[in-house]
Amino acid sequence: MEFSHTSVLLNETIEGLNIREDGIYVDGTLGGGGHAFYVCEKLSHNARFIGIDQDAAAISAASTRLSPYKDKVPIDIIRSNYQKIPRVLHDLNVSGVDGIVLDLGVSSYQLDTPERGFSYREDAPLDMRMDQRQEMTAKDIVNEYSEEELYRVIRDYGEEKFAKNIAKHIVLARKEKVIETTFELNEIIKAAIPIRARSAGGHPSKRTFQAIRIELNQELTILEQSIDQMIDLLNSGGRICIITFHSLEDRIVKRSFRTNENPCTCPPDFPKCVCGKVSKGKVITRKPILPTEQEINENRRSKSAKLRIFERI
């Protein structure tokens, strides 16, 4: 199917970047090029844009979407993971940038393409790989992780209160046959959750699918390890804008931004700082920017989105 994704908090992100027309900007989760298109719109021929995504379909779609600007702005589109931004910039002989955008989570294209195996609403092989060059799939996690490992993943990354029972049911089911499809996993999860809880809002598989996807793609680990190095790459006055879609991501971004603003580890009763840790900048968004009611009505997937912004000193 054609790559389709509606960029959330689009205007807020573009405004939050505080774009300089001759600046260097990076979109670390390029997707279909939604945010990138409007970044490039504000850039001159003296600027530079670098788009990064690990999904081949996204790379193809974004290349087409940004083609109107190819003669106006120097554009580099790289297939990689945003955690490798330092290496990508090094290879491009770029020492610092004026803005970075991350739009985390799964794209509409990935959710709506059944064979990608992200959606619990479509029957498909258990895949969930954001980068299809990766060998391991969701099927491997479901069929090879121990019961204790499955419990940990579903509890920690899905915040699922029935995690223990779901893990137990998965292990029992796979003794009978290999669990291969999303609908097979749906039925197992459904059987593990009490009827009363199943009828109380939301699809019963939502949290477990989220947990397995996060584990497979190492989403939280990569985010946690990447924020500091991305802030280090910002030029003075440069900004990083990160859009999250669930509380686990948002907590990491919030904590990392605050620590970079105030890294001091001295006890509160010390008269002055002696640890020597210096602030890298300031948090622009004391509270996250949320989508408007109109945006939520037009794009239901934007409902849980939160935008946080940090500016380098």
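The values are calculated or read from the model by the stated rules, or taken from the named source; none is laboratory data. The model shown is predicted, which means the values in this text are computed figures rather than measured ones. Positions of Cβ are generated from backbone atoms using ideal geometry, with glycine treated the same way; all protein chains shown enter the neighbour counts. Surface areas here come from the heavy atoms of the whole protein model, side chains and all, with no ligands, DNA or RNA. Shrake-Rupley method; radii C 1.70, N 1.55, O 1.52, S 1.80 Å.
Taking the stated definitions as given, is Arg207 among the basic types (Lys, Arg), more than 30 Å from Pro125 (Cα to Cα) and either open to solvent by 10 Å² or more (accessible area, probe 1.4 Å) or part of a strand (DSSP E or B) (or both)? For Arg207, the condition - among the basic types (Lys, Arg), more than 30 Å from Pro125 (Cα to Cα) and either open to solvent by 10 Å² or more (accessible area, probe 1.4 Å) or part of a strand (DSSP E or B) (or both) - is not met. Restricting to region 56-79, and then to whatever is in contact with a Lys or Arg (Cβ under 8 Å, 6 or more places away or on another chain) and assigned to a loop (DSSP other than H, G, I, E, B), can you tell me which residue is surrounded by the fewest Cβ atoms within 10 Å (Cβ to Cβ)? Result: Pro74.
Yes or no: region 244-267 includes at least one residue that is assigned to a loop (DSSP other than H, G, I, E, B), on the phi > 0 side of the Ramachandran plot and not polar (S, T, N, Q). No, that holds for no residue.
Taking region 80-99 as the range and being assigned to a loop (DSSP other than H, G, I, E, B) and open to solvent by less than 80 Å² (accessible area, probe 1.4 Å) as the test, the residues that pass are Ser80, Asn81, Leu92, Val94, Gly96.
Of all residues in region 266-284, those satisfying the criterion of being under 29 Å from the mean Cα position of the chain (by Cα) and among the β-branched types (Val, Ile, Thr) are Val278, Val283, Ile284. Among the residues of region 210-256, those that are more than 11 Å from the chain's Cα centre (by Cα), buried (at least 20 other Cβ atoms within 10 Å of the Cβ) and closer than 30 Å to Glu184 by Cβ comprise Gln210, Ala211, Ile212, Arg213, Glu215, Leu216. Here Thr285 clears all of (1) in a helix (DSSP H, G or I); (2) crowded, with 17+ Cβ neighbours inside 10 Å; (3) out of contact with any helix residue (DSSP H, G or I) (no Cβ under 6 Å at 6 or more places or on another chain) except the condition numbered (1).
Only a single item in (1) touching a residue at least 12 places away in the same chain (Cβ under 8 Å); (2) under 21 Å from Ile19 (Cα atoms) is not met by Arg286, and it is number (1).
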